[in-house]
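The structure appears right after this line, and notes come after that.
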Amino acid sequence: MSTPLPSHPPPPRAAVLTGVGSCLPPTAVTNDELAERLDSSDAWIRSRTGIRRRYVASPGTATSDLAVGAGAKALKSSGTPDVDAVLLATTTPDRPCPATAPAVAARLGLTGAAAYDVSAVCTGFLYALASGAGLIAAGAADRVLVIGAETFSTLLDPDDRSTAVIFGDGAGAVVLRAGDAAEPGALGPFDLGSDGGREELITVAAGGSRQRLSGVPPATRDQYFAMEGKEVFRHAVRRMSASARSVLGRAGWRAEDVDHLVGHQANLRITHHVADAVGIPRRRCFSNIAEVGNTAAASIPLALDQAHADGVLTPGGRVLLTAFGGGLTWGSTVLTWPGPDRA
Ligand code: ACO
C-alpha cells in the first residue's frame, strides 16, 4: 500500500542573505578632472546626475580582479569560505569566452563549485540574485556567492561626455544560504522583466555575432557603449516604479513599510523620481552615486555594502531593491536586513 501524500507540502527553501562585501579600484577620477578634457563641468555633472567622482580600473586590472576582492570580503563576512555556486553579474567579462565566474571561483579557492556569468547590464545583479535564490529553492545549492562586478570604463568612448561622466568601475557581492522565508534576510518575492524591442536604447553595437570584428572593421563609435540618455531616463523611472510596486504588492508591504530603497545607482534624479512614484519619502533612498557613479551590475551590492558599513542598514530594516538596465531589463525584490550574525 502506498503512503498517502501529505496534504501540505513543505514550504520551499528561501535564500537568506548572510554576507556582504565590495571592492573599488584605487584610482578616483573627479568631475573636475573629466571637465579638463571634456566639454562639461562639475556643476553640470553634479546637478544632472548627483555624481562627484567615480573609480576607474587601470590597464592590467580586469573585472575578475574586482570580483575576487568583493567576493572574498562577502565570504569572510558570512563566516564560512564555502559555497556551492558562484554567479557573476557583469557586462564587462574578462574575455568573450569563457565566462569569468569559473576563474573568480578558482581564485577564491572554490574550484568545483558551479560558476556562470549573468548578463543583464545594470539589472544583472537582481537577475543573478534571483538565479541564486532559484538554485537554493530547487535544492541545487545550499550556499551561493552572488557578485556584481564591472570595468565599465573599458566600454566608454573617452570623448563622449554623455556617457564618460556617468559610469565607474567596482564590484559588490553577497552570500546567500538556504533558510526559511520567515527569517530576517530572506529574499523575495522577485519581479523580473524585459523589453527587447527597445534594445537599441543601450548598446555596444560591434563585437558580437551581429556586427563582427572580423572582416570589415567597424566604425570606432560602434565599439563603444552608447545610450539614448533621455529615453533611458524615462524608461528607467517607469519600469523601476512599476516593478517596485509589483514586488511590494506581492510581498504584502505598503510603500510606508519600506525603510530603505536601494535602487540601481543610475542617476540620483532617477532614484528620486522612482521613490516619488512608489510613495517612498526621498530621505529613505540610500545613494552612494556621488562617490562611485553608475557601476552597472555592481551598483546594488556596492550600495548594500556601503549602507551596511555606514550603519544605515540595521537589523530588521525593510529594504526594497530595484534595478533597470540595457536589454531593456528590470527587476525588484525585498528583504528584511539580517542581524549582525548574518551580514
Ligand atoms: N556635460 C555638459 N553637458 C552635457 C553633458 C555633460 N556631461 N552631457 C550632455 N550634455 C548636454 C547635452 O548635449 C544637451 O545639450 P543641448 O541642450 O545643447 O542639446 C544638454 O546637456 C541636455 O542633454 P540631455 O541628454 O537632455 O541631459 P539630461 O538631463 O537628460 O542628462 C543623462 C543626461 C545624465 C545621461 C540622463 O539622461 C540620464 O541619466 N539618463 C539615464 C542614464 C541611465 O539610467 N543609465 C542606466 C541604464 S544604463 C545601463 O543599463 C548600462
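Table for the structure above
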| read-out | value |
| --- | --- |
| Candidate set from the stretch 6-50 (those that are of a type in the set (S, T, N, Q) and more than 12 Å from the ligand (Cβ to nearest atom)); member that is farthest from the chain's Cα centre (by Cα) | S7 |
| Residues (more than 18 Å from the chain's Cα centre (by Cα) and not aliphatic (A, V, I, L, M)) located in the stretch 304-335 | D310, G311, T314, P315, G316, G317, R318 |
| Meets criteria (more than 9 Å from the ligand (Cβ to nearest atom), over 30 Å from P340 (Cα atoms), of a type in the set (A, V, I, L, M, F, W, C) and surrounded by 17 or more Cβ atoms within 10 Å (Cβ to Cβ)) for V56 | yes |
| Answer residue from the stretch 298-332, given it is in a helix (DSSP H, G or I) and touching a His at 6+ places or on another chain (Cβ under 9 Å) and is nearest to the ligand (Cβ to nearest atom) among those | S299 |
| Criterion violated by A35 - all others in (1) in contact with a helix residue (DSSP H, G or I) (Cβ under 8 Å, 6 or more places away or on another chain); (2) within 21 Å of P301 (Cα to Cα) satisfied | (2) |
| Of the criteria (1) of a type in the set (G, A, S); (2) more than 30 Å from P12 (Cα to Cα); (3) open to solvent by less than 40 Å² (accessible area, probe 1.4 Å), which one A186 fails | (2) |
| Selection within the stretch 220-231 - more than 9 Å from the ligand (Cβ to nearest atom) and open to solvent by less than 40 Å² (accessible area, probe 1.4 Å) | D222 |
| Tabulated pairs, the stretch 5-16, first farther than 13 Å from A186 by Cα, second at pLDDT 70 or above and exposed (fewer than 10 other Cβ atoms within 10 Å of the Cβ), C-beta under 7 angstrom, 6+ apart or interchain | none |
| Residue under evaluation H273, criteria (1) under 22 Å from A120 (Cβ atoms); (2) touching a strand residue (DSSP E or B) at 6+ places or on another chain (Cβ under 9 Å); (3) open to solvent by 50 Å² or more (accessible area, probe 1.4 Å), criterion not met | (2) |
| Of residues in the stretch 282-298 being in contact with a strand residue (DSSP E or B) (Cβ under 7 Å, 6 or more places away or on another chain) and of a type outside the set (A, V, I, L, M, F, W, C), the one surrounded by the most Cβ atoms within 10 Å (Cβ to Cβ) | T295 |
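Here is a yes/no grid of residues against (1) outside any strand (DSSP E or B); (2) within 16 Å of the ligand (Cβ to nearest atom); (3) under 24 Å from Y127 (Cα atoms); (4) touching a residue at least 24 places away in the same chain (Cβ under 8 Å):
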site: A178; (1), (2), (3), (4): no, no, yes, yes
site: D191; (1), (2), (3), (4): no, no, yes, yes
site: Q211; (1), (2), (3), (4): yes, no, no, no
site: P218; (1), (2), (3), (4): yes, no, no, no
site: F233; (1), (2), (3), (4): yes, yes, yes, yes
site: R239; (1), (2), (3), (4): yes, yes, yes, yes
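The values are calculated or read from the model by the stated rules, or taken from the named source; none is laboratory data. As the structure is a prediction and not an experimental result, all values here were calculated from the model. Positions of Cβ are backbone-derived with ideal geometry, glycine not excepted, and every protein chain shown enters the neighbour counts. SASA here: full protein model, heavy atoms, side chains in, ligands and nucleic acids out. Shrake-Rupley method; radii C 1.70, N 1.55, O 1.52, S 1.80 Å.
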